[in-house]
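Participant: My questions all concern the structure below.
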Amino acid sequence: MIEVENLVKRFGSIVAVNGISFRVNDGEIYGLLGPNGSGKSTTMKILSGILTPTSGRVLVGGVDVSRDPLRVKEITGYVPETPVLYESLTPAEFFNFVGSVRRIPEEKLQERVETLVKAFGIEKYLGEMIGSLSFGTRQKVSLISAMLHDPEVLILDESMNGLDPRSARILRELLMDFREEGKSIVFSTHVLALAETICDRIGVIYNGEIIAEGTVKQLKELAQEESLEDVFLKLTESQEEVATIVQALRETL
């Protein structure tokens, strides 16, 4: 479970997150949606124990991120928007490194590595330097490393970026399996059709604030729109702007 109460994060004079509150229950996929620069990634870094809140209270699996960020890191699996990996290692070496840091028993580590590597189809890249791999393959390495220790909480920031359709489908199925196991998942994506398919509830963040929250059905009723894409554009005040730009392009091109 994740509980966020009046979370504020400032970087100097810039307020990146401005007093947001939300809750993610056990066995729930919560979509955190918003335009670039809205505060999504900052919020996710706080949930994963990487950043410290300026103020407010954040509990992840009952652990206060301000008081014990190391414990939060132990129980979460975090995938950033851009993979952060040791590029001079091979995926096999990196997975062994993650296993040692996470103190995963050798037999269990090898079993999970074999299963996840096969699922994401990167067997032939295990001996290649990570720095030489494509963005999509590095994203798969990042995803696998976040799941190796079977975390209680998964925090995925644009984790579908660069994935081929097969791998995206497998990740979607894995997330739904994790939900069935009672795990809490925070999921950010710009692919709104995907969010509509897998998210139990959605919070729309805009200018550092949660401006709407609920199930897809509830958000559609709130915005009086038929698709989640139109809901998103309307709530973030982008609908008219997009229509104006598209019309200008049609007249010019």
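Participant: Do you know which of the residues in segment 189-225 that are assigned to a strand (DSSP E or B) and in contact with a Ser or Thr (Cβ under 6 Å, 6 or more places away or on another chain) is farthest from A168 (Cα to Cα)?
Facilitator: Y206
Participant: Out of segment 117-165, which residues are of a type in the set (S, T, Y) and either over 17 Å from the mean Cα position of the chain (by Cα) or part of a loop (DSSP other than H, G, I, E, B) (or both)?
Facilitator: The answer is Y125, S132, S134, T137, S159.
Participant: Does any residue of segment 226-244 turn out to be in a loop (DSSP other than H, G, I, E, B) and modelled with pLDDT of 90 or more?
Facilitator: So far as segment 226-244 goes, no, none of its residues is in a loop (DSSP other than H, G, I, E, B) and modelled with pLDDT of 90 or more.
Participant: Examine segment 5-24 for a residue that is surrounded by fewer than 18 Cβ atoms within 10 Å (Cβ to Cβ) and in contact with a helix residue (DSSP H, G or I) (Cβ under 8 Å, 6 or more places away or on another chain), and state whether such a residue exists.
Facilitator: No.
Participant: In segment 1-46, which residues are of a type in the set (A, V, I, L, M, F, W, C), more than 16 Å from V186 (Cβ to Cβ) and touching a strand residue (DSSP E or B) at 6+ places or on another chain (Cβ under 8 Å)?
Facilitator: V8, V15, A16 - these are the residues of segment 1-46 that are of a type in the set (A, V, I, L, M, F, W, C), more than 16 Å from V186 (Cβ to Cβ) and touching a strand residue (DSSP E or B) at 6+ places or on another chain (Cβ under 8 Å).
Participant: Right, next: Exactly one of these conditions fails for H149: (1) over 25 Å from S100 (Cβ atoms); (2) surrounded by fewer than 22 Cβ atoms within 10 Å (Cβ to Cβ). Give me its number.
Facilitator: Result: H149 passes all but (1).
Matching residues to (1) touching an Asp or Glu at 6+ places or on another chain (Cβ under 7 Å); (2) buried (at least 21 other Cβ atoms within 10 Å of the Cβ); (3) among the β-branched types (V, I, T):
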position	(1), (2), (3)
E106	no, no, no
Q110	no, no, no
V117	yes, no, yes
G121	no, no, no
S134	no, no, no
Q139	no, yes, no
I144	no, yes, yes
L154	no, yes, no
S159	no, yes, no
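Participant: Yes or no: segment 52-73 includes at least one residue that is closer than 27 Å to I2 by Cβ, in contact (Cβ under 8 Å) with a residue 24 or more places away in the chain and assigned to a helix (DSSP H, G or I).
Facilitator: yes
Participant: Let me ask something else about it. Would you call V191 within 14 Å of the chain's Cα centre (by Cα), over 21 Å from E114 (Cα atoms) and at pLDDT 95 or above?
Facilitator: no
Participant: I've got another one for you. Evaluate the following for L174: is it aliphatic (A, V, I, L, M), crowded, with 19+ Cβ neighbours inside 10 Å and out of contact with any His (no Cβ under 9 Å at 6 or more places or on another chain)?
Facilitator: For L174, the condition - aliphatic (A, V, I, L, M), crowded, with 19+ Cβ neighbours inside 10 Å and out of contact with any His (no Cβ under 9 Å at 6 or more places or on another chain) - is not met.
Participant: Is there any pair linking a residue in segment 122-134 that is more than 19 Å from A168 (Cβ to Cβ) to one that is modelled with pLDDT under 95, with Cβ under 6 Å and at least six apart or on different chains, and which?
Facilitator: From segment 122-134, the pairs are I130/L85; I130/E87; G131/E87.
Participant: Given (1) over 18 Å from S188 (Cβ atoms); (2) surrounded by fewer than 17 Cβ atoms within 10 Å (Cβ to Cβ); (3) at pLDDT below 95; (4) not charged (D, E, K, R), identify the lone condition not met by V84.
Facilitator: Status for V84: all satisfied but (1).
Participant: Under 7 Å between Cβ atoms, which residue pairs at least 6 apart in sequence (or on different chains) link something in segment 87-99 that is of a type in the set (G, A, S) with a partner that is assigned to a helix (DSSP H, G or I) and surrounded by 15 or more Cβ atoms within 10 Å (Cβ to Cβ)?
Facilitator: Close Cβ pairs satisfying both conditions: G99/L109.
Condition check ((1) assigned to a strand (DSSP E or B); (2) of a type in the set (V, I, T); (3) farther than 30 Å from E173 by Cβ) across all residues:
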{"site": "V8", "(1), (2), (3)": "yes, yes, yes"}
{"site": "N18", "(1), (2), (3)": "yes, no, yes"}
{"site": "S21", "(1), (2), (3)": "yes, no, yes"}
{"site": "P35", "(1), (2), (3)": "no, no, no"}
{"site": "M44", "(1), (2), (3)": "no, no, no"}
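The values are calculated or read from the model by the stated rules, or taken from the named source; none is laboratory data. From a predicted model like this one, the values you see are computed outputs, not experimental measurements. Note: ideal-geometry Cβ built from the backbone for every residue, glycine included; neighbour counts use all protein chains shown.
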